[in-house]
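Here the structure is laid out as structure tokens; the discussion comes afterwards.
Each value in this text was obtained by applying a stated rule to the coordinates, not by laboratory testing. Everything numeric here is computed off the predicted structure, so don't read it as measured data. Cβ placement follows ideal geometry from the backbone for every residue including glycine, while neighbour counts extend to all protein chains displayed.
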Amino acid sequence: MRAVVQRVSHAAVTVGERTTGAIGQGVLILLGITHADTTDDGEWLAQKIAKLRIFPDEGGNMNRSLLDTGGDALVVSQFTLHARVRKGTRPSFNDAAPPAQAEPLYETFRAQLSAALGGRPVPGGEFGAMMQVALENDGPVTLIVDTKA
């Protein structure tokens, strides 16, 4: 699994005119799933993200996590994170897991992250839909976390 984790002041995802998820202070996670990913990858990633110390402490140093701050998490599936662009100008998405494999792992990851955050709800986008994501990046702080790296 590959995640782009962005610290945000707020974020929301919409499908058409319907908001499927919105958060205040916390992280927006764009999640890409590949053929080799399993629920163990999701568990490792959920624990890692919950404990990432990317929020400022009283001195302004990045020493606090989502667990420390009570921040929110919003997860949006994004198969394009596994695009290959080495050859030509049209991305290849062959490394992305097919929807029948990826969707259950996406939903399981959201549940795993919720559990890692003490049961707080983790809203998300709509798997496979054309979505609009609005966010206010805080910092900016943006990390790429890959379970295979």
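Okay, here's what the table says:
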item	result
Choice from Gln78, Gln132, Gln25 showing the highest fluctuation, given a GNM over the chain with Cα pairs closer than 10 Å	Gln132
Region 123-133 - phi-based ³J(HN,Hα) in whole Hz, Karplus 6.51/-1.76/1.60, Gly and Pro as x	x, x, x, 10, 3, x, 8, 7, 10, 10, 10
For the chain: relative contact order, % (alpha-carbon pairs under 8 angstrom, 6 or more apart)	38 percent
Arg86, Arg120 arranged by Cβ crowding within 10 Å, fewest neighbours leading	Arg86, Arg120
Tensor-based shape of region 1-63 (alpha-carbon gyration tensor, a/c under 1.5 rounded, otherwise prolate or oblate)	oblate
